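In what follows, a structure is listed as structure tokens, so that the remarks can point back to it.
Taken together, the values in this text are just the output of simple stated rules run on the coordinates, not laboratory data. In this text, all values refer to a predicted model and were calculated from it rather than measured experimentally. Cβ sites come from the backbone with ideal geometry, for glycine too, and all protein chains shown count toward neighbours.
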Amino acid sequence: MQQASSHISRARLDEIGMGDPEFTIELIDMMLEDGQKRVEEMQQALAEHRSTDVGRIAHSLKGACLNMGALDLASLCASIDESARKLNATLDSSVVRQVAEEFCAVSKELVQIKSELAA
Amino acid sequence: MKVLAVDDDRVTLLTLKRLIGKFGYQALTAANGTDALRIFLEEKPQILITDWMMPEMEGPTVVKTIRAFAETEYTYIIMLTSRQDKDDMMAGMLSGVDEFLTKPVDPDQLRARLRVGKRIMMLQDSLGSRVRELETERMHVKMLQGFLPICAYCKKVRDEAQLWQAIEEYIAEHQDTVQFSHSICPDCFETKVKPMQEAFFAKKLQEASTE
């Protein structure tokens, strides 16, 4: 269960899952669903130059990532959140792209963990 | 004890709901500030845990609104935040927040803060009960207040309606717990009653002697 991981802190995930595999799976499913939606919304907002919305979405996704132990993804979201707070913010599209890539990696790992828990 | 958790992030909200229930409280949840205010009015939770940044209505606005329309019944409010800036903390405190909890939620810290909240709310309930008791007692003991005009001769008093009435009637009207029975004090017995008795017996003796 304590598999080494580069995208998810299993210690955090196990802590928040409270030793309940079903609950952990429920959290993972929610993260996969909401995370995907948020990444798409963020890309859309960036394309439409809605920097405030990009920041708001990044902030919300950061909370979920911290909760689930996706610490690298949380850091990227925090970076966007911080940039978006600045007056006349111009957001770096490469960071949003990195968020999408990191989310893919996080998702794969969560699916792997989910299959372990379900076994 | 009811605890309302408010967060626009479903993952955090589900985690909070689970933890609150695990720690022995009744968990209520809202995904935004508007729902939070509605549920707050319906369910009257004793403790509120709210996120800071939410779309439409931010946490401090939720807190200010609750503080504004819940003047008599206190609610213990914990603000969830990833902000640790001094100015932000001050802004949160000024909006009416009692305690802060940093994201991501640490189960032990959440449990500890809920215990503090429970303790404060129990103390609040206890104080509220005592205040209600005192208020009831105060209502029962209507105090005679201010100057009361009293006749120097017959001792009648003038009431709020400017009517003169016997002092015992006045006090009976203004003090629910007092009822009068007639009696004679020792001084009046000596000065009023005793002479009458003596006169009475003297008269009787005189009548007997003439017969």
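For peptide B:4-10, the mean count of partner chain Cβ atoms within 10 Å of a residue's Cβ comes to 4. Ranked by the mean number of other Cβ atoms within 10 Å of their residues, highest first, the peptides B:45-54, A:74-83 fall in the order B:45-54, A:74-83. Computed from Cα positions, the angle between helix B:107-140 and the longest principal axis of chain B comes to roughly 20 degrees.
For the protein assembly as shown, the share of DSSP beta bridges that are antiparallel, to the nearest 5, is 15%.
A:Ala105 to A:Glu40: extension gain in nm, 0.36 nm per residue of separation minus the Cα-Cα distance?
Gain in length upon complete extension: 21.8 nm.
Of the residues B:Ile39, B:Pro55, A:Ala45, the one whose Cα sits farthest toward the positive end of the charge dipole of the protein assembly as shown, with +1 on the Cβ of Lys and Arg and -1 on the Cβ of Asp and Glu, is B:Ile39. Are any of the pairs A:Lys37/B:Lys44; A:Lys108/B:Lys86; A:Lys37/B:Lys2; A:Lys114/B:Lys64; A:Lys114/B:Lys86; B:Lys22/B:Lys103 more than 30 Å apart by Cα-Cα distance, and if so, which? Check vs 30 Å cut-off fails for A:Lys37/B:Lys44; A:Lys108/B:Lys86; A:Lys37/B:Lys2; A:Lys114/B:Lys64; A:Lys114/B:Lys86. In whole angstrom, the range B:157-210 maps to an equivalent ellipsoid with semi-axes of 39, 13, 9, each derived as √(5λ) from the alpha carbon gyration tensor and ordered largest first.
Shielding by partners for peptide A:28-39, expressed as the average number of C-beta atoms from other protein chains within 10 Å of each residue's C-beta, is 2.
Decide, for chain B, between rounded, prolate and oblate: order the square roots of the alpha carbon gyration tensor eigenvalues as a ≥ b ≥ c, take rounded if a/c falls under 1.5, and otherwise choose prolate if a/b is larger than b/c, else oblate. Show your work: numbers first, answer last.
Numbers: a/c = 5.40, a/b = 3.98, b/c = 1.36.
Verdict is prolate for chain B.
Per residue, the convex hull spanned by the Cα atoms of chain A amounts to 80 cubic angstrom. For B:Lys203, a cut-off of 18 angstrom between C-alpha atoms picks up these lysines, skipping any fewer than 8 places away in its own chain: B:Lys192, B:Lys194. Dipole check for the protein assembly as shown: with +1 at the C-beta of Lys and Arg, -1 at the C-beta of Asp and Glu, and the Cα centre as origin, the magnitude is about 640 Debye. When A:Met68, A:Met18 are sorted by how many other C-beta atoms sit within 10 angstrom of their C-beta, beginning with the fewest, the order is A:Met18, A:Met68.
Let's test the formula: R0 of 51 Å, r as the Cβ-Cβ distance of B:Glu207 and B:Gln175. What FRET efficiency results, to the nearest 0.05?
Values: r = 47 Å, r/R0 = 0.91.
Calculated transfer efficiency: 0.65.
Think of each Lys and Arg Cβ as +1 and each Asp and Glu Cβ as -1; about the Cα centre, that makes the dipole of the range A:10-118 roughly 440 debye. You can think of it this way: the chain between B:Asp108 and B:Ile120 has 2.5 nm of extra reach, that is 0.36 nm per residue less the Cα-Cα gap.
Place +1 on the Cβ of every Lys and Arg and -1 on the Cβ of every Asp and Glu in the protein assembly as shown, take the dipole about the Cα centre, and give the residue among B:Gln109, B:Leu28, B:Pro195 whose Cα lies farthest towards its positive end. The listed residue farthest towards the positive side: B:Pro195.
Using only Cα atoms and rounding to the nearest 10 degrees, what angle (0 to 90) does helix B:10-22 make with the longest principal axis of chain B? For helix B:10-22, the angle is close to 50 degrees.
Taking each residue of A:55-68 in turn, how many C-beta atoms of other protein chains fall within 10 Å of its C-beta, and what is the average? Before the final figure, lay out the partial values.
Values: counts 1, 4, 1, 0, 7, 10, 2, 5, 15, 9, 3, 8, 11, 4.
Shielding by partners across A:55-68 averages 6.
If you plug the beta carbon distance of B:Gln26 and B:Asp87 into 1/(1 + (r/R0)^6) with R0 = 35 Å, you get a FRET efficiency near 0.50.
Against the main long axis of the alpha-carbon atoms of chain A, helix A:93-118 sits at an angle near 10°. For the protein assembly as shown, the Kirkwood estimate of hydrodynamic radius, built from reciprocal distances between every pair of different alpha carbons, is 25.3 Å. Computed over the range B:24-129, the range of Cα coordinates on each principal axis works out to 38, 29, 24 Å, biggest value leading.
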